[in-house]
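What follows is one structure encoded as structure tokens, with my remarks underneath.
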Amino acid sequence: MPVKTILLPLAGTPPPEPVLETALRVARRFNAHLDVLYVRPSPRRLLPYATLGLSKQMRDSVLESAEQNAETQAEKAHGVFTAVCQRAGIPIIDKRGDHDTPTASWKVAVGEEAAILATRGRLCDLIVLAGPIPVSPPPEEAAAALKSTGRPVLIVPSDFQVIGPRHVGIGWNGSAESARAVAAAMEYLRSAERVTIFTGTAHPDKGPTAEDLVEYLGWHGVEAAVRVFEAHDPSVGEALLLEARAAAINLLVVGGYSRSRLRELMFGGVTGHLLAESDIPVFMVH
């Protein structure tokens, strides 16, 4: 599917510049629009818990201070966004128009990041999140992006510097989630210099094999090699990441939460390990 709109949700402290830069690179690659959504928490929601026992005057003072702090953080984040866009030569726009170059916009929403992302994220072609993302369990916004939007998610390490997916890896286990991720990442696969399919010896699904995937990709003009690695639960995620690093992969395509969410939380799982440990951008679809 062509990538025309990219959503980058941000919250709290000023965003890591490499994440913004990578999101802009993706926008430039596909001549797409990057929609940066900064979510401010509502101090009023926290007020009853943070000011129990205080007088109304003190409560009002605490609320005013919290709102001023939230505004300051938003202004700092907007300053980083503006500076990164200017360095990249990406114009900042307020509304959609006839543009023949990549563009970017800045929007602010107030509320819970996960709830806002779950709805706003459904009308974009790609969601970009800053990684690594801690697990046990994953933050609500990461789970919302993967499970509630139906959109592909690109997790970018905060210090990632490599430009462009020259060597794309696919973590393949034959699941529907893996197949969906491959289909969603086809634009990246077509433009890659190399594509490698990684499949573990402990193949948990009865689905298509890595060789079947090679044939499927061939119909799309994508040549791929297969790399089989030794892996058994619960170490599949760790083994996959080690193989991807050894092969100098700079984009890894996988299906997210291909096992039950409860089992992921109890045993870690491939998704959890990649969210928390990957120093390579990871493209996921649930």
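The values are calculated or read from the model by the stated rules, or taken from the named source; none is laboratory data. These figures come from a predicted structure and were not determined experimentally. We place every Cβ from the backbone using ideal geometry, glycine too, and count neighbours over all the protein chains shown.
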Practice task
Residue by residue through the range 21-53, note down the ones that are at pLDDT below 75, of a type outside the set (A, V, I, L, M, F, W, C) and not in a loop (DSSP other than H, G, I, E, B).
Solution key: Pro43, Arg44, Arg45, Pro48, Tyr49
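Taking only the range 73-84 into account, find how many residues are farther than 18 Å from Ala27 by Cα, among the small types (Gly, Ala, Ser) and either more than 24 Å from the chain's Cα centre (by Cα) or surrounded by 12 or more Cβ atoms within 10 Å (Cβ to Cβ) (or both). If you could, list the steps in order and put the result at the bottom.
Filtering the range 73-84 down to residues farther than 18 Å from Ala27 by Cα leaves 73-79.
Those still in the list that are among the small types (Gly, Ala, Ser) too: 74, 77, 79.
Subset that is either more than 24 Å from the chain's Cα centre (by Cα) or surrounded by 12 or more Cβ atoms within 10 Å (Cβ to Cβ) (or both): 74, 77.
Number satisfying all stated conditions: 2.
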Practice task
Quick one: count up the residues across the range 121-135 that are surrounded by 19 or more Cβ atoms within 10 Å (Cβ to Cβ) and not in a loop (DSSP other than H, G, I, E, B).
Solution key: 7
Fill in the blank from the handout: In the range 54-84, anything part of a loop (DSSP other than H, G, I, E, B) and among the small types (Gly, Ala, Ser) is listed as Ser55
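Listed here are the residues, each with its yes/no results for (1) at pLDDT 95 or above; (2) surrounded by fewer than 21 Cβ atoms within 10 Å (Cβ to Cβ).
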| site | (1), (2) |
| --- | --- |
| Thr196 | yes, yes |
| Asp205 | no, yes |
| Ala224 | yes, no |
| Val228 | no, yes |
| Asp233 | no, yes |
| Glu238 | no, yes |
Exercise for the section: Residue by residue through the range 79-137, note down the ones that are out of contact with any strand residue (DSSP E or B) (no Cβ under 9 Å at 6 or more places or on another chain) and at positive phi. Expected result: Gly89, Ser136
Practice task
Go through the range 220-255 residue by residue and tally those that are in a strand (DSSP E or B) and either more than 16 Å from Glu193 (Cβ to Cβ) or over 23 Å from the mean Cα position of the chain (by Cα) (or both).
Solution key: 7
Completion exercise
Taking the range 85-108 and the residues there that are hydrophobic (A, V, I, L, M, F, W, C), in a strand (DSSP E or B) and touching a residue at least 60 places away in the same chain (Cβ under 8 Å), the one that is surrounded by the fewest Cβ atoms within 10 Å (Cβ to Cβ) would be Val108
Practice task
Can you tell me which residue among Ala118, Ala70 is more than 16 Å from Ala32 (Cβ to Cβ), out of contact with any Phe, Trp or Tyr (no Cβ under 9 Å at 6 or more places or on another chain) and surrounded by 18 or more Cβ atoms within 10 Å (Cβ to Cβ)?
Solution key: Ala118
Completion exercise
Here the residues within the range 136-150 that are in a loop (DSSP other than H, G, I, E, B), small (Gly, Ala, Ser) and at pLDDT below 80 are Ser136, Ser148
